[in-house]
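Undergrad: Before we start, here is the structure in question, set down as structure tokens.
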Amino acid sequence: MSMIAYREAILKIQEAAQKRPLQEERVPLLMGVGRTLTEDLFSSENLPAKDNSAMDGFVVRSEETLTATPEKPCLFPVLGYVAAGDAFVQRDDLEGGVYGIMTGALLPERDFDAVVKVEDVEVFFDGGMSFICVKAPVPKGNNVRPQGSDFLKGARILKRGHSLRHEDVMALASLGYSEVCVFKKLKVGVISTGKEVVPYATAMVTPQQVRNSSAPFLQSYFSSLGCDVDIFEQNEDSPQKFHQKFQELLMNNYDVLLTTGGVSMGNWDYVTDALSELGVRTEFHKVAIRPGKPLLFGVHEETRTAVFGLPGNPVSTAVGASFFVTPYLKTLRGESTQRALNIPCSHAIKKPQGLRCFFKARIECDNGVSRVRILPGQGSYMLHSLLEANCWAVLPEEGDFLEEGATVEVHPWGGRDL
């Protein structure tokens with residue numbers, strides 16, 4: 001199977017995801033964070049429910065203040081006070097008065113349409129009654145939160161395919177939502193291969209061994225995307241044991257199965273053949289990218305489980321997870337893909353001709369101008385540069401050199417804000 005271009009690979013991944021519908025479930029609102037909505041959500045009421053005060057002050061009829069000046073202020077008796085949560089009782093025995101009002105309290109009816117702040121009036125007492133002195137016209141709607149100004153009854157609040165955030169919970173709670181309908185959590189299984197790979201908690205390793213950094217990354221990364229993730233480590237290069245374990249996982253209703261290592265061209269790279277024997281139809285194997293060129297994607301014929309064979313080097317694993325597995329998950333859940341930024345490069349950079357490159361990079365701002373800096377240490381085994389990176393710089397296939405100032409496509413690293 002020949003190497004394909006990145007965009008062609010993504011189209012194959014998305015096409016496969018669109019053929020596999022996801023189940024949905026209704027969950028309590030507080031358990032919905034990070035989950036993907038399966039329906040549009042609408043406001044069943046106006047919020048605020050009625051006009052209310054945005055300030056502590058006095059509620060007035062704006063037209064009665066039109067003639068107010070510092071030299072000839074308007075005087076109004078204070079008929080009463082209303083606080084947030086109070087049921088308003090309006091007096092009918094006195095006309096032309098105002099009411100003291102607290103932030104959040106409902107405006108009385110009968111043409112009261114503006115609030116003047118406490119600090120903008122003079123309060124005095126006469127004959128056992130309080131009065132306010134208004135020295136300037138109070139515009140209609142002044143310091144008023146209009147009915148429905150936050151959410152209007154019938155308005156769409158969130159779209160299907162939206163991944164629920166903490167701030168969404170706040171808004172939905174204010175509208176009385178106690179549950180949301182979301183896609184069921186995706187179940188992801190990971191098999192790490194390689195006899196040189198030992199558990200990451202191993203205290204002492206020999207020079208020929210490496211700790212498994214890919215598996216904990218994949219577990220934390222996909223858990224943060226709302227998936228249930230199981231890790232299985234195979235610390236010997238045994239095609240038979242891999243075959244047995246993978247067949248077992250195929251029968252356990254995983255939505256996505258990932259392997260790390262064993263998909264290149266070495267003597268011990270048996271994963272590709274084993275997957276084929278297990279009934280996985282390979283959609284592509286090898287993509288014109290760096291790092292991660294040997295990446296494999298296929299679909300198990302019987303269970304429709306998506307299978308990604310990720311290269312073993314940790315940065316290649318991260319690229320595969322971010323730019324191949326994540327688009328599959330997002331398409332499966334009807335989510336929109338993350339938009340890239342286009343930012344000038346801070347320096348000239350060489351790249352291999354014909355390969356799309358995913359380079360560890362950092363966006364930096366100098367005098368209000370943002371530029372992206374490609375970091376040293378781009379080897380697919382090198383992790384130190386990830387600690388400095390806050391983005392991936394994605395360089396196009398065309399050409400072998402980018403000049404300083406050339407526009408570069410930039411994606412956040414690990415879902416982190418730039």
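The values are calculated or read from the model by the stated rules, or taken from the named source; none is laboratory data. These numbers come from a predicted model, not from an experiment. No Cβ is skipped: glycine too gets one built from the backbone with ideal geometry, and neighbour counts run over all protein chains shown. Remember, those area values only see protein heavy atoms, side chains included, never the ligands or the DNA or RNA. Shrake-Rupley method; radii C 1.70, N 1.55, O 1.52, S 1.80 Å.
Undergrad: Mind jotting down the three principal axis lengths of segment 287-365 based on Cα atoms? Whole angstrom, largest first.
TA: Rounded to whole Å, the extents work out to 50, 27, 22 Å.
Undergrad: What translational diffusion coefficient, to the nearest whole µm²/s, does segment 260-418 have by Stokes-Einstein, given a Kirkwood radius computed over alpha-carbon pairs, a temperature of 20 °C and 1.002 mPa s viscosity?
TA: Working: Rh = 16.8 Å.
In µm²/s, the coefficient rounds to 127.
Undergrad: Next up: What are the semi-axes of the equivalent ellipsoid for segment 17-116, taken as the square roots of 5 times the Cα gyration tensor eigenvalues, largest first, in whole Å? Could you put the intermediate results ahead of the total?
TA: On the way: eigenvalues 460, 43, 25 Å².
Working from the Cα gyration tensor, I get semi-axes of 48, 15, 11 Å.
Undergrad: Additional query: Ratio of Rg to Rh for the chain, alpha carbon only, Kirkwood? Don't jump to the answer; show the numbers that get you there.
TA: On the way: Rg = 31.2 Å, Rh = 26.1 Å.
Here Rg/Rh amounts to 1.20.
Undergrad: Taking the Cβ of Glu196 as the center, what net charge do the other residues with Cβ under 14 Å away carry, scoring Lys and Arg +1 and Asp and Glu -1?
TA: On the way: positive: Lys195, Arg211; negative: Glu233, Glu236, Asp237, Asp269.
Taking every Cβ under 14 Å from that of Glu196, the sum is -2.
Undergrad: Additional query: So if I place +1 on the C-beta of Lys and Arg and -1 on the C-beta of Asp and Glu, and nothing else carries charge, what would the dipole magnitude of segment 60-134 be about its Cα centre? I want it in debye, nearest 20. Don't skip to the answer; put the middle values down first.
TA: On the way: 5 positive and 14 negative charges, 24 e Å.
In debye, rounded to 20, segment 60-134 gives about 120.
Undergrad: Give me a comma-separated list of calculated 3J(HN,Hα) values for segment 179-187, in order, Karplus coefficients 6.51, -1.76, 1.60 applied at θ = phi - 60°, integers in Hz, x for any Gly or Pro.
TA: 9, 9, 9, 10, 5, 4, 4, 6, 9
Undergrad: Moving to a separate point now. Counting alpha carbon pairs within less than 8 Å and at least 6 residues apart, what relative contact order, in whole percent, applies to the chain?
TA: Working: 886 pairs, mean separation 68.2, N = 418.
In percent, rounded to a whole number, it is 16.
Undergrad: Using a Gaussian network model of the chain whose springs link C-alpha atoms within less than 10 Å, name the residue from Glu64, Glu283, Glu236 with the highest mean-square fluctuation.
TA: Greatest mean-square fluctuation among the candidates belongs to Glu64.
Undergrad: Which residue, Asp237, Asp269, Asp113, has the most motion in a Gaussian network model of the chain that connects Cα atoms within less than 10 Å?
TA: Asp113
Undergrad: Distance between the C-alpha centers of segment 182-228 and segment 238-293? Whole Å please.
TA: About 16 Å separates the Cα centre of segment 182-228 from the one of segment 238-293.
Undergrad: List the pair-distance distribution P(r) of segment 147-201, using every Cα-Cα distance, as the percent of pairs falling in each 10 Å bin from 0 up to the bin containing the longest distance, rounded to whole percents.
TA: Result, from short to long distances: 15, 35, 16, 14, 13, 7, 1 percent.
Undergrad: Can you tell me, using C-alpha contacts under 8 Å and at least 6 residues apart, the relative contact order of segment 1-135 as a whole percent? Provide the component values of the computation, followed by the final result.
TA: On the way: 167 pairs, mean separation 38.6, N = 135.
The value is 29 percent.
Undergrad: Can you tell which of Pro70, Ile4, Gly57 lies farthest toward the positive end of the dipole of segment 1-130, using +1 and -1 charges on the Cβ of basic and acidic side chains (Lys, Arg; Asp, Glu)?
TA: Comparing the listed Cα positions along the dipole, Ile4 ranks first.
Undergrad: Anything over 32 Å Cα to Cα? Flag those among Lys286/Lys330; Lys185/Lys245; Lys185/Lys241; Lys159/Lys286, in the order listed.
TA: Where the Cα-Cα span goes over 32 Å, the pairs concerned are Lys159/Lys286.
Undergrad: With only Lys, Arg, Asp and Glu charged, each at its Cβ (+1 for the first two, -1 for the last two), find how big the charge dipole of the chain is about the Cα centre; round to the nearest 20 debye. All intermediate terms of the calculation are to be shown ahead of the outcome.
TA: Details: 43 positive and 52 negative charges, 308 e Å.
Result for the chain is approximately 1480 debye, rounded to the nearest 20.
Undergrad: Averaging over all projection directions, find the projected area of the Cα convex hull of segment 110-261 and quote it in nm² with one decimal place.
TA: 19.7 nm²
Undergrad: Taking the solvent-accessible surface of protein heavy atoms with a 1.4 Å probe, what is the per residue accessible area of the chain in Å²? Please list the in-between numbers first.
TA: Numbers: 21290 Å² over 418 residues.
Dividing the accessible area of the chain by its residue count gives 51 Å².
Undergrad: Report, to the nearest whole %, how much of the accessible area of the chain belongs to carbon and sulfur atoms, 1.4 Å probe, protein only. Numbers along the way, then the final one.
TA: Details: 10770 of 21290 Å².
Result for the chain: 51 percent of the exposed heavy-atom area is carbon or sulfur.
Undergrad: Sticking with this structure for a sec: Answer with one residue from Val138, Phe183, Val197: the one whose Cα lies farthest towards the positive end of the charge dipole of segment 105-210, charges on Cβ with Lys, Arg +1 and Asp, Glu -1.
TA: The Cα lying farthest towards the positive end belongs to Val197.
Undergrad: Further question on the same structure: Val27 versus Ala173, label points 7 Å from Cα toward the beta carbon: distance in nm?
TA: 1.7 nm
Undergrad: For segment 243-299, treating each Cα as an identical point scatterer without solvent, what Debye log10 I(q)/I(0) comes out at q = 0.16, 0.21, 0.26 1/Å?
TA: For segment 243-299, the Cα-only Debye profile gives -0.50, -0.84, -1.20.
Undergrad: Here's something else I'd like to know. Take every Cα pair under 8 Å in segment 338-401 that's 6+ residues apart, average their separations, divide by the length, and report that relative contact order as a whole percent. Don't skip to the end; give the middle numbers.
TA: On the way: 104 pairs, mean separation 27.9, N = 64.
Averaging sequence separation for qualifying contacts and normalising by length gives 44 percent for segment 338-401.
Undergrad: Springs between alpha-carbon atoms under 10 Å, Gaussian network over the chain: tell me which of Ala215, Ala306, Ala84 tops the mean-square fluctuations.
TA: Comparing Ala215, Ala306, Ala84 in a Gaussian network model of the chain, the most mobile one is Ala84.
Undergrad: Right, another one. Run the dipole for segment 303-398 about the Cα centre, Lys and Arg Cβ at +1, Asp and Glu Cβ at -1, nothing else charged, and hand back the magnitude in debye, nearest 20.
TA: Working: 11 positive and 6 negative charges, 36 e Å.
That gives segment 303-398 a dipole magnitude of about 180 debye.
Undergrad: Let me ask another. Identify, among Val287, Ser238, Ser385, the residue whose Cα sits farthest towards the positive end of the charge dipole of the chain, taking +1 on the Cβ of Lys and Arg and -1 on the Cβ of Asp and Glu, with the dipole about the Cα centre.
TA: Ser238
Undergrad: Okay, moving on. Quickly estimate the mean residue ellipticity at 222 nm for the chain, helices only: each DSSP H run with n ≥ 4 gives -39500 (n - 2.57), and the total goes over all residues, rounded to 500.
TA: Numbers: 8 runs with 71 residues, N = 418.
Estimated from H runs of four or more residues: -5000 deg cm²/dmol.
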